[in-house]
Amino acid sequence: MASSETLIYGDAHVKLSGDVLLCAFRERDEAAKSWRVTLCRSVDLGRNWQFDSVIEESLEDDRFVGAPFLFVSPASGNLQCYFDSEKQAALRGCPGHQLIGMKERSGQGDSKRDWSSAPSWSKAVDVLDPSVQCNSSYLLRDGMATVATTAAYPTAIVVVREGGHPASPH
């Protein structure tokens, strides 16, 4: 990782996938007023790390993206990354709100593969009940997703998240 007085790191989440250790984290560039979710990988149990990819970034209007959570889909085997996103909310017409976005890609963890061309990430999708609408009296601040399966439904997922109360002060 680059060393800079204007870069601030946080929200790290580590996932063992196959024989590859993955770490997703938030980067804040104070000088550029930008946010990004970055993925790094280690094929030697964390002794050495390499940059893998930028999962999501928000370069415009200082909109937050962060708090990544890595998960391997039991249905597809794809690597998924869930993250907080003011950017997703703004694209949905809800500036000032925050949603949980999710991107995924294939090929989650094999130390023997050619990592020089990591698979690309899908377009972000909202992780939100479609009946929920944003408006000025209801502040959506979904965030800090944790994803799991249950023994009863091993191919279904459960997303647990924080949220705001609909009434002020939220």
* **Whole-percent pair-distance distribution, where bins are 10 Å wide, for the alpha carbons of region 1-81** => 18, 47, 27, 7, 0
* For region 7-87, state which trypsin sites (Lys or Arg not before Pro) are in a DSSP loop and have at most 10 other beta carbons lying within 10 Å of their beta carbon. => 47
* Residues with amide H under 5 Å of residue 141's amide H, sequence separation 5 or more or different chain, H placed in the peptide plane at 1.01 Å from N; which? -> 98, 164
* To do: Give me the accessible area per residue for region 5-86, probe 1.4 Å, as a whole number in Å².
  => 44
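Which loop-located GluC sites (Glu not before Pro) does region 9-61 contain, where loop means any DSSP state but H, G, I, E or B and the Cβ has at most 14 other Cβ atoms within 10 Å? Please report the intermediate quantities before stating the final value.
Working: sites: 27, 30, 56, 57, 60; in loops: 30, 60.
Counting only loop positions with at most 14 other Cβ atoms within 10 Å, the GluC sites (Glu not before Pro) in region 9-61 are 30, 60.
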* Structure fact -> Note, region 71-86: 3J(HN,Hα) by Karplus (6.51, -1.76, 1.60, θ = phi - 60°), whole Hz, Gly/Pro = x, goes 8, 9, 4, x, 7, 9, x, 6, 7, 10, 10, 9, 8, 6, 8, 6
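The values are calculated or read from the model by the stated rules, or taken from the named source; none is laboratory data. Since the structure is predicted, the reported quantities are computational estimates derived from the model, not experimental observations. A quick note on method: Cβ atoms are made from the backbone with ideal geometry, for glycine too, and the neighbour counts reach across all protein chains shown. Side chains are part of the model used for accessible areas, which takes the heavy atoms of the whole protein and leaves out ligands, DNA and RNA. Shrake-Rupley method; radii C 1.70, N 1.55, O 1.52, S 1.80 Å.
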